[in-house]
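Working notes for the structure below.
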Amino acid sequence: TGPPRRTIAWGTSMGGLVSAREAEAGGHRLDGVLSTCGLVAGGLNLNNYQLDGEYALAHLLAPTQEIKLVRFASPDEASASAAALTKIATDAQSTPEGRARIALAAALMNEPGWFTGPTPPSDYADQEVQQQQELAQFVLGFVVTGRYQIELAAGGNSAFTAGVDYRALLAGSSHFRQVRSLYRTAGLDLDADLATLSRDADIRPDPQAVRTLARTSTVTGRLRVPTLDIHTTADQLVPVEQEDWYGKEVHRAGGGALLRQAYVGATGHCAFRPSETIAALHALESRIETGRWGDVAQPWRLNEAAGGTGRYVRFDPPPLTGARR
């Protein structure tokens, strides 16, 4: 017995955010960090882009219906809103206009166009079908009810729509062309809908909640130990776009040499095979032992270490839509 020879922080999903923050704390007891499907863009960004999509669904598809989106007084209130939004996303799928607006909401939420099947669909309409399935089958039910718990921990609502330019927001989305195409098919005016969202946006944050999440659930990018992030390329709950935001923060803070990010070409939240996760762990251990990354985090080396799954791929994640700086 005795002190450990090596200590690694390993977090998954929300735990991946915890691990990312531990990478910045460092200290003599921590040698490296492995973040798997981590919420590395932090709680403030998460709350904002999810609210953007929920707001678009409610305001464009059910403008006369009163649906509470923030400041839930109870779990039941949050569940009622989740059910209402899910019904909206289900009913609207029957019309071209509804499908176009669902695609817009999905784009604002960074929802991937791949949910089922061995490969991602290439057709815009097929992508929307899978985005709608994501939203209606589990995403809205999960994230809207989860907002109540986040607000409870933060002491209020940290997200906002007031002052957001939704035209600019969508223009930076990797799904912009898909949304534009579906709007044209439906005969809808995309610019008019985006102007409506910008004009009517009136949700403001509670400053104390913003301060709380900034202190407890946001990263700075100032790494102190080697860090390896892995993510599936189509993650419905923690979009892979979070890795783009995080990588830029780390490089801006001067920690790029300590960070490597690797991607598994698959759909699903944390949908890694055990061998793929262990391969990532061994890559991080090699970095800790040798003091250099070399090629251990390259896709071909990770695939080799994972027993030849071939699912690690070269991938450049798109920008995170809805990130607020």
*In the stretch 43-81, which residues are over 21 Å from Gln131 (Cβ atoms), in contact (Cβ under 8 Å) with a residue 60 or more places away in the chain and not in a helix (DSSP H, G or I)?*
Val70, Arg71, Phe72, Ser74
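Filter the stretch 191-225 down to residues that are free of Cβ contacts under 8 Å to residues at least 24 places away in the same chain and either among the charged types (D, E, K, R) or touching a helix residue (DSSP H, G or I) at 6+ places or on another chain (Cβ under 9 Å) (or both), then give me how many there are. Quick ask: steps written out before the conclusion?
Of the stretch 191-225, the ones free of Cβ contacts under 8 Å to residues at least 24 places away in the same chain are 192, 199, 207, 211, 215.
Still in the list and also either among the charged types (D, E, K, R) or touching a helix residue (DSSP H, G or I) at 6+ places or on another chain (Cβ under 9 Å) (or both): 199, 211, 215.
Looking only at that region, the number is 3.
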_Can you find, within the stretch 259-282, the residue that is surrounded by the fewest Cβ atoms within 10 Å (Cβ to Cβ) among those that are without any contact (Cβ under 8 Å) to a residue 60 or more places away in the chain and over 28 Å from Asn47 (Cα atoms)?_
Pro274
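Provide a single number: the residues in the stretch 119-158 that are charged (D, E, K, R), closer than 20 Å to Gly265 by Cβ and under 16 Å from the mean Cα position of the chain (by Cα). Don't jump to the end; show me each part of the working.
Kept after step one, since they are charged (D, E, K, R), are these residues of the stretch 119-158: 123, 126, 128, 134, 147, 151.
Keeping just the survivors that are closer than 20 Å to Gly265 by Cβ gives 123, 126, 134.
Imposing the further condition that a residue be under 16 Å from the mean Cα position of the chain (by Cα) reduces the set to 134.
Summing the residues that are charged (D, E, K, R), closer than 20 Å to Gly265 by Cβ and under 16 Å from the mean Cα position of the chain (by Cα) in the stretch 119-158 gives 1.
Answer yes if at least one residue in the stretch 5-24 is of a type outside the set (Lys, Arg) and more than 23 Å from Ala262 (Cβ to Cβ), and no otherwise.
Narrowing the stretch 5-24 to residues of a type outside the set (Lys, Arg): 7-20, 22-24.
Then keep just the ones that are more than 23 Å from Ala262 (Cβ to Cβ); that gives none.
No, the conditions are met nowhere in the stretch 5-24.
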_Looking at Thr216, Thr185, can you tell me which residue is surrounded by fewer than 19 Cβ atoms within 10 Å (Cβ to Cβ), within 29 Å of Thr95 (Cα to Cα) and of a type in the set (Ser, Thr, Tyr)?_
Thr185
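Restricting to the stretch 1-24, give me the number of residues that are out of contact with any Lys or Arg (no Cβ under 7 Å at 6 or more places or on another chain) and over 22 Å from Phe272 (Cα atoms).
Step one: filter the stretch 1-24 for residues out of contact with any Lys or Arg (no Cβ under 7 Å at 6 or more places or on another chain), giving 1-6, 8-22.
Next, only the ones that are over 22 Å from Phe272 (Cα atoms) stay: 1-6, 21-22.
Final tally of qualifying residues: 8.
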*Scan of the stretch 46-77 for residues that are crowded, with 20+ Cβ neighbours inside 10 Å and of a type in the set (Gly, Ala, Ser), ordered by number*: Gly53, Ala56, Ala58
*Output the qualifying pairs, or none if there are none: Cβ atoms under 9 angstrom, residues six or more apart or on different chains, first residue in the stretch 171-186 and more than 11 Å from Gln127 (Cβ to Cβ), second residue assigned to a helix (DSSP H, G or I) and basic (Lys, Arg).*
Tyr183/Arg101; Thr185/Arg99; Ala186/Arg99; Ala186/Arg101
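Rule-based calculations on the coordinates, nothing more; no lab input. Because the structure is predicted, anything quoted here is derived from the model rather than measured. Virtual Cβ from ideal backbone geometry, glycine too; neighbours counted across all protein chains shown.
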